[in-house]
Every structure is written in structure tokens, then in C-alpha cells.
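What follows is a set of notes on a single structure, which appears directly below.
The values are calculated or read from the model by the stated rules, or taken from the named source; none is laboratory data. Quick caveat: nothing in here was measured; it's all calculated off a predicted structure. Glycine also receives a Cβ, built like all others from the backbone with ideal geometry; neighbour counts cover every protein chain displayed.
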Amino acid sequence: MTLCLGIESTAHTFGASLVDDRGKIYSNASKTFTTKKGGLIPAKLADHHLEYCDRVIEEATQGFHDFDLISYSAGPGIGNALRIGSSMALYLSKLLKKPLIGVNHCIAHLEIGSMLTKLENPILLYVSGANTQVIAYEGGRYRIFGETLDMGVGNFLDSVARELGLGFPGGPKVMRLAAKSKNLIELPYVVKGMDISLGGIFTNVKQKIELHMREDICYSIQETVFAMLLEVAERALAHCEKTELVLGGGVCCNSRLQDMAKKMCKANSYKCGIPKNDFLVDNAAMIAWTGLLMHQAGVKTEPGIRPYERTDQVEVSWRN
Ligand code: ATP
Ligand code: FE2
């Protein structure tokens, strides 16, 4: 058995997890930076992660005296935050003389979803704070078939939440308010080819905020933006001739988005895989699992961070 310690710190969450090469998850500890009012301030993230990193790693490794491998999120993400996780991982790898692997965070979302839902060749609808992409494996890489042209859906929801005075993270609060409405306010619907754009919708929503109930705003942004996401996902599935959809990213915790994904899959006789919330949001188990896959395929990485690494820049030698 090979046991991997994974460390995640791309953004608001510092996480550590132990996973073995059969996919057994022994621990999945995390501490998330939150605020009552206002958004996420990058400079404060590093302080937060530094304060909690030792406790989170201790919690994840409790009862284990040894492991074989250390992996960490190398990117994409916020430099200040990434540096804490990568430094801890490098330090531990030197101290314990274990191999070190830097993992692409977006790819890790896909790998954990694929493993947990037992879908072997899915399209990933990856909807998080900073990222919104439709990803599939083709020709030795994970290719991006559609994506947001400006902000990620999570950041969009968080920004609208901030305008409504709801605090960070806004996604869950928007979801709760949306459930109280059925009043659809007309908003721009912006799908360009396989991509979506949210900047125009955000401007439009800001202009309408004073005129409507918060519940109606929340309901309408969800209905509009989630429909855009599923339109792109559906088209990518048809284009790639794949029949499995897996969800990843914190926004996919949203039960309305999950319902819409299930409906779309049912209508097309596709399989729909939805991991539990703990593995949709940023988590270290996905980093540990992907580190294991890479290590077993003989992949070696340079230490350090890659804040701007794109999904399709990574050569994927562990899948065929
Ligand atoms: P990434 O680094 O992959 O871009 P991230 O760091 O933003 O991701 P995630 O945990 O994947 O982290 O996603 C966070 C986003 O998910 C936030 O924008 C948050 O508002 C949103 N979110 C969390 N729970 C829900 C929910 N129930 N409904 C909608 N959005 C949610
Ligand atoms: Fe993420």
C-alpha cells in the first residue's frame, strides 16, 4: 500500500489529507478563511494559513507514523496562499525524506470526482470560485471545452452576495434565499459558442438590486447562470461523444445546480456523478489522490508553485 499526504492551499482553504492508492481516504482536515461581511482579501489568506497549517496537518496525520509520499497544490491559485502549502510540503519532504509532487488543482477536482463516483471517462463541470470550466480527457491532456471568459461563477455569486450585504462565502447564502422565490427577473443570458461570460450579467444585476427583493435576485441569478452552465456542459458531452458528467468545485454543492445537472443527464441517458460536498469544495484528499496517480505513473515535478498553470498545460501520463 502507498500512503500519500496531500496539502491544499490554493485559496481560502488550507487542507491536509491522507489517502492510499486504492482510494481509501483516512482523513480530510481543513480550515477555511471566512468573513462575516465583505469579500476575501488575498493578503490576509497567508496569515490565516500560517496560523492553522500545523494544526490541520497534525489532525490529518493523527495516528499515522509514516507515509510514502507528499503532494501539494502547485496551482492555479493565489500566490500568497499557495506558498504556505508548498513550503510546508517541501519542508516535510526534506525532513522525512519522502518524494514530493506538485499537483494541478483543477485536475485534482476531476480525478477525485472520477474516483469517488466510479465514472471512468467523464466530462467535468468544474464550477468554483475562481474557475469555471468544462474539462475532458482527450489526446493525452485534460482539454478545456468551455469556460468563463471573465469571472468564475463562485466569484460571481460571492460578488452579488457582497452587493446584497450577505458576507463571504456568498454561494450558500444565495442558495438559501433563492429557495424562497419563484419570481424570475429577466437577466442577460450570455453563452458564446462553448464559453460563458458573467461580467455583463453582474453589471445588470447591480442596476436591478434596489428594485427587487433579495430572494428574487438570488433565484434569478441561479436560474440564469446555471442554465448557461448546463447548456455548455451538454454541448461538450455531445461534441466529445462522452456519456458521463461529473461535478466538481464548491458551487456544485448548490442543490439547484445538482438538480438541473441530474435532469439534463436523465434526458440524454447520461450518467451523472456528484461527489459529497466535502469533495466538491477545495479539499486535500483530491490533492493526495492525484499525487498518488502521478507518482505511480512515474511523474516527477519541480518544487515551487505555478499560480497560472492552466489545465491543458499539464501532460497527463497516468490516464489512457
Ligand atoms: P478554485 O480554487 O478551484 O477556484 P475556490 O478556491 O473558490 O476554488 P471552492 O471551494 O471550490 O473554492 O469553491 C468556493 C465557491 O463555492 C465560493 O464561491 C462559494 O460561494 C461557493 N459555494 C460553496 N457552497 C455553495 C453552495 N451551497 N451553493 C453555491 N455556491 C457555493
Ligand atoms: Fe477548487
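Just one of G170, G139, G165, G154 is touching a residue at least 40 places away in the same chain (Cβ under 8 Å) and farther than 19 Å from L230 by Cβ; which is it?
G165
Does the stretch 1-10 include one or more residues that are assigned to a helix (DSSP H, G or I), assigned by TED's automatic domain parsing to the domain that holds E302 and within 14 Å of ligand 1 (Cβ to nearest atom)? No, the stretch 1-10 contains no residue that is assigned to a helix (DSSP H, G or I), assigned by TED's automatic domain parsing to the domain that holds E302 and within 14 Å of ligand 1 (Cβ to nearest atom). Residue under question is Y137, and the condition is that it be of a type in the set (F, W, Y), within 12 Å of ligand 1 (Cβ to nearest atom) and in a strand (DSSP E or B); does it hold? No.
Candidates L124, L82: the one that is assigned by TED's automatic domain parsing to the domain that holds G273, modelled with pLDDT of 95 or more, crowded, with 16+ Cβ neighbours inside 10 Å and not charged (D, E, K, R) is L124.
Checking E241, E234, E302 one by one, the residue that is touching a residue at least 40 places away in the same chain (Cβ under 8 Å), surrounded by fewer than 24 Cβ atoms within 10 Å (Cβ to Cβ) and over 14 Å from the mean Cα position of the chain (by Cα) is E302 and no other. The set of residues from the stretch 1-29 being surrounded by fewer than 24 Cβ atoms within 10 Å (Cβ to Cβ) and of a type in the set (F, W, Y) comprises just one member, Y26.
Only a single item in (1) free of Cβ contacts under 8 Å to residues at least 60 places away in the same chain; (2) within 15 Å of ligand 2 (Cβ to nearest atom) is not met by A43, and it is number (2). Taking the conditions exactly as written (outside the structural domain of L166 (by TED's automatic domain parsing), touching a Lys or Arg at 6+ places or on another chain (Cβ under 9 Å), farther than 22 Å from V299 by Cβ and not acidic (D, E)), does T13 satisfy them or not? Yes, satisfied.
Each residue in the stretch 145-200 was checked for being more than 9 Å from ligand 1 (Cβ to nearest atom), assigned to a strand (DSSP E or B), within 18 Å of the chain's Cα centre (by Cα) and not acidic (D, E), and 4 pass. Put simply, of D278, D259 the only residue that is closer than 25 Å to T2 by Cα and either basic (K, R) or in a helix (DSSP H, G or I) (or both) is D278. Contact map, the stretch 275-287: first residue closer than 13 Å to L110 by Cβ, second residue more than 12 Å from ligand 2 (Cβ to nearest atom) and assigned to a loop (DSSP other than H, G, I, E, B), Cβ cut-off under 9 Å, separation 6 or more or different chains; pairs are L280/I274. Restricted to the stretch 254-271, and to residues there that are surrounded by fewer than 20 Cβ atoms within 10 Å (Cβ to Cβ) and either at pLDDT below 95 or within 17 Å of the chain's Cα centre (by Cα) (or both), the residue that is nearest to ligand 2 (Cβ to nearest atom) is Q258.
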